[in-house]
Amino acid sequence: MGVVAQGFFCSTEGIIQHIFQSLLADITNDVGVSFIIIRFLHNKLIYGLILSFRCYLQFFDPYVFAVTTTSFIVPLIYMGLFKLAKNKFFLLVILLFPLFIILLLRRIIPDFYPILKIYYILIALYGLLTFLAIRINR
Amino acid sequence: MSKGWWLLLIFIIVLSGVLRLYKLSDIPVGLYADEASIGYNAYSILKTGRDEHGFFFPLWFRAFGEYKLPVYIYLTGISEYVFGKNEFAVRFSSAVAGVLSTIFIFFLVDCFFSKSHKFSLLSSFLFSIMPWSIQFSRGGFEANLMLFFILLGIYLFVNGRIISSFIVLALSFYTYNAARIITSLLILILFFLKERSISIKKNIVALFILIILIIPFLIFSISSEGLTRALSVNYFYSFTPKNSISLVRYFEYVEGFLRNYFQHFSLDFLFISGDQHGRHGVRALGLLYIWQIPFLISGLSILKSEKFLGKILAWLLIIAPIAAAVSTPNPHALRSLVLVVPLSIIVAYGLAKIRLFFIKIGVVLIAVYFLVFYLHIYYRHYPKITYLDWGDGYKKLYSSLAKYKDKYTKIVINKEYPQSYIYLLFYAYEPERYHNQIKRGEIFGNYVFGVNEQTLGKIDKLLYVSGPNDNVEGRLLENIYFIDNNIAFKIWEL
């Protein structure tokens, strides 16, 4: 993608706008390249998938965890996530939560940041409990 | 190993070689200042036995106010002996290190999974096509050579050749600065994890040899010269805590370090955007392929394995970003390059678990698509968007100035280009001539660096090289263009 989106937590509108910006920038660089190759490599489907995936992945990103909460609890968030993911229901919740934020929550509450912070802290607390349980069982 | 496996390994080695050597002189476009410095110092050693500053076979090479480590420069001397003084020769050692790393990843993994070579070959294959490895194999990056020494060191250690292993690991100290942290920690870890079968006598001998070999480096490291680079990029020096209470300040330092550290595991950094520095990535794609994410998660189970490989991979994951996290800027793909080894092997482990045929076919198709996409970006887009990072234009500039140099008393290069003298040396100067001129106090002959036209005073027959946006009172003789046809330099007669 020629142009890189700045900041965290993109929106669907942002992704769509970004697809066209990126496509334009990349196709402009491909003067003299066969039309088939351009269409094969630089197309809305691939760019849309990559950019949407990028947006989605931010909700599982250690750096985003660190910035949203504090660096000290990043391992605990992962521990909590991995432990929760063993339960199919919670796995579904974890996987759908970013979609809930991107598609719904940020439209209702533009400043959804504190909610996300609480979400991560709760997971970290669960991670801490898991960690302590493992230590005690040993 | 059967003939079929050997053929596959040979195919991977050839692929790795092609990906690293094809159009190596031309892409990346130009040479960046450190490459030119390495290239010239290596050539100078080859021709005169002295470096740019006249030191006889030095162990540390002064360059741009800092000191470079010797191994890459001496190896470049050998490649320049074979290929001549050119871009290909400067990058050749790094490219070969990339290919050799591909081979040794295979042998390392095969030490533990020798019943089926599928996992070893997959690890080797993934490393060979990994954008992270290709990027740094195609530039004169000492870090890529360090990575090879680290891999070879681990391989030898695993095979019980502890003395050879420590000799190779000692070499990494003399190759790239990040080894101070990464290799030091790795040696401690190897000792901690080592097999008990290795005799105490052998351990002591290996440790003794290691210490003897790194004594010069240790002395250099604590000297003011050795600390120059470390201090200039040190994160803690540039970081200003918000709080004045000492305990809270320490807390802030640790928080900042951890934040830097976790940036190297950022999914955006690894899989989507990569390192935004033009020399460290293609900007449009990540350091690994996006399709590898599920296999990375699935492959993480190797870290829990009781085998030595699982433990060493886990430790490599932990220590690889430390050198990058204590320095700035962050995240830094070059200083954390060692991460590519455990990540390649973990993804390969995840891939090796696939059982269903149609999923295998799907993965192959997606992998081929993204490899083609990456190569297209690398060869078509990358040169046009990062030429400024790679010193494009200097070769054309000095080849043009060669036409004029005897007609003018002075050729002045604008002070906006303080490192441009190294390109003059690399492209247009023989070391013997340069050393003789230094003795006479002439340094660069009629070339003058680091001034602008206002400070020159009145000189007859003056040639002036300005930036693209400067307008100088004089006659414009020629424009020098970048690869995208924008003006890089203007040559004026004043």
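Measure up B:23/B:490; B:202/B:307; A:44/B:304; B:384/B:415 against 31 Å on the Cα-Cα distance and list the ones that go over. Pairs exceeding 31 Å: A:44/B:304. Histogrammed with a bin width of 10 Å, the alpha carbon distances of region B:212-358 distribute as 10, 29, 31, 21, 6, 1, 0 percent, first bin at zero.
Provide a whole-number value for the mean count of partner chain Cβ atoms within 10 Å of the Cβ atoms in peptide B:257-264. Each step should come with its number before you reach the end.
On the way: counts 1, 8, 8, 3, 5, 10, 6, 2.
Taking the mean over all residues of the peptide, I get 5.
Considering only A:116, A:105, A:45, the Gaussian network model of chain A with Cα springs below 10 Å gives its largest mean-square fluctuation to A:45. For residue B:488, the residues whose amide H sits under 5 Å from its own are B:480, B:481, B:482, ignoring neighbours fewer than 5 places away on the same chain, with H placed 1.01 Å from N. The P(r) of chain A has a tail past 21 Å containing 53 percent of all C-alpha pairs.
Local charge sum around residue B:179 (other residues, Cβ-Cβ under 11 Å, Lys/Arg +1, Asp/Glu -1)? Show your work: numbers first, answer last.
Details: positive: B:180, B:335; negative: B:142.
My count for the surroundings of residue B:179 gives +1.
Since only B:309, B:61, B:445 are under comparison, the one whose Cα sits farthest along the positive direction of the charge dipole of the protein assembly as shown, derived from C-beta charges on Lys, Arg, Asp and Glu, is B:309. Just checking the listed ones, A:77, A:108, A:121: in the Gaussian network model of chain A with Cα springs under 10 Å, the one fluctuating most is A:108. Taking amide H as placed 1.01 Å from N in the peptide plane, residue B:477 has its amide H under 5 Å from the amide H of B:491, B:492, B:493, each at least 5 places away in sequence or on another chain. A straight Cα-to-Cα reach below 18 Å connects residue A:86 with none of the aspartates and glutamates, residues fewer than 8 places away in its own chain not being considered. Length, then width, then depth: along the principal axes, the Cα atoms of the protein assembly as shown run 84, 68, 65 Å.
For region B:415-420, backbone phi angles converted through the Karplus equation (6.51, -1.76, 1.60; θ = phi - 60°) give residue-by-residue couplings of 5, 5, 10, x, 8, 5 Hz, Gly and Pro being listed as x. Projected label points at residue A:72 and residue A:113, each 7 Å from Cα along the beta carbon direction, are separated by 2.1 nanometres.
The aspartates and glutamates within cross-link reach of residue B:410, meaning a Cα-to-Cα straight distance under 20 Å and a gap of 8 or more places when in the same chain, are B:430, B:442, B:453, B:460, B:470, B:473, B:478, B:493. Just tell me which lysines come within less than 26 Å, Cα to Cα, of residue B:242; anything on the same chain fewer than 8 places away is out. Those lysines meeting the cut-off are A:117.
Are there any helices in chain A, counted as whole DSSP H runs, that stretch 15 Å or more along their axis by Cα and score at least 1.0 on average by Kyte-Doolittle, and if so which?
Details: long enough: A:12-28 (24 Å, 0.61); A:44-57 (19 Å, 1.24); A:74-85 (16 Å, 1.62); A:88-99 (17 Å, 2.55); A:113-137 (36 Å, 1.46).
Long hydrophobic helices here: A:44-57, A:74-85, A:88-99, A:113-137.
Listed values for region B:385-400 are Karplus-derived 3J(HN,Hα) couplings in whole Hz (6.51 cos²θ - 1.76 cosθ + 1.60, θ = phi - 60°), namely 9, 10, 4, 5, 6, 9, x, 5, x, 5, 4, 5, 4, 6, 6, 5, and x replaces Gly and Pro.
Net charge in the neighbourhood of residue A:93 (other residues with Cβ under 15 Å of its Cβ; Lys, Arg +1, Asp, Glu -1) is +3. Viscosity 0.890 mPa s, temperature 25 °C: what is the translational diffusion coefficient of region B:1-117 from Stokes-Einstein with a Kirkwood Rh over Cα pairs, rounded to a whole number of µm²/s? Diffusion coefficient, whole number: 153 µm²/s.
Which length gain, in nm to one decimal place, applies between residue B:222 and residue B:430 when the Cα-Cα distance is subtracted from 0.36 nm times their residue separation? Working shown, then result.
Details: separation 208, 0.36 × 208 = 74.88 nm, distance 3.43 nm.
Here the segment from residue B:222 to residue B:430 would lengthen by 71.4 nm.
Phi angles across region B:335-341 convert, under the Karplus curve 6.51 cos²θ - 1.76 cosθ + 1.60 with θ = phi - 60°, into 3J(HN,Hα) values of 6, 9, 4, 4, 4, 4, 5 Hz, Gly and Pro given as x.
For chain B, the longest principal axis of the C-alpha atoms and the axis of helix B:3-21 are separated by about 20°.
With r as the distance between the Cβ atoms of residue B:486 and residue B:26 and R0 = 25 Å, compute the FRET efficiency 1/(1 + (r/R0)^6) and round to 0.05. Using R0 = 25 Å, I get an efficiency of 0.85. Compared with the dominant principal axis of the Cα atoms in chain B, helix B:70-83 is inclined by about 70°.
Could you work out the local net charge near residue B:245, counting Lys and Arg as +1, Asp and Glu as -1, over the other residues with Cβ closer than 15 Å to its Cβ? So the environment of residue B:245 carries a net charge of 0.
Every number here is computed from the coordinates shown, using simple stated rules; none is lab data. Model, not experiment: these values are computed from the prediction. Neighbour counts run over all protein chains shown; Cβ positions are idealised from the backbone, glycine included.
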